[in-house]
Amino acid sequence: MGWVEVGDAPPGPATSSAAELAWDRAKKMLAESDWSMLPDVPMTSGAKAAWIEYRRALREIRLQSGFPDAIQWPVRPE
């Protein structure tokens with residue numbers, strides 16, 4: 001009556017690892033910069049190159065030697 005066996009308890013929420021959290025952050029930053037790759041965005045070729053480099057650095061974040069504990073996050077172009 002109202003008692004639950006420990007083995008019958010539903011699993012708790014899954015916890016994300018530091019690597020998963022870092023990669024999720026990088027994917028969010030990539031999504032927020034998608035607009036910069038549209039062909040009709042008015043920007044100089046230098047600005048476009050800066051955005052391309054920023055996005056490349058985000059995609060390669062998992063290749064850093066300190067990942068996921070010591071990440072060098074790229075600076076977003078302005």
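What follows draws every value from the coordinates through simple rules; no lab data is involved. Since the structure is predicted, the reported quantities are computational estimates derived from the model, not experimental observations. Cβ: placed from backbone, ideal geometry, glycine included. Neighbour counts: every protein chain shown.
Ranking S36, S16, S65 by Cβ neighbours within 10 Å, fewest first, what do you get?
Final ranking by Cβ density, sparse to dense: S65, S16, S36.
Can you tell me the order of 20-28, 67-75, 42-50 when each peptide is scored by its average per-residue count of other Cβ atoms within 10 angstrom, highest first?
Going from most to least packed, we get 20-28, 67-75, 42-50.
Quick one: putting +1 on the C-beta of Lys and Arg, -1 on the C-beta of Asp and Glu, what dipole do you get for region 15-78 around its Cα centre, in Debye to the nearest 20?
80
Determine ³J(HN,Hα), in whole Hz, for all residues of region 62-72 in sequence, where each value follows from phi through the Karplus function 6.51 cos²θ - 1.76 cosθ + 1.60 and θ = phi - 60°; x replaces Gly and Pro.
Rounded to whole hertz, the list is 6, 8, 5, 5, x, 5, x, 7, 10, 9, 8.
Multiplying the sequence separation of E53 and A19 by 0.36 nm and subtracting their Cα-Cα distance, what value in nm do you get?
Working it through step by step, the gained length comes to 10.1 nm.
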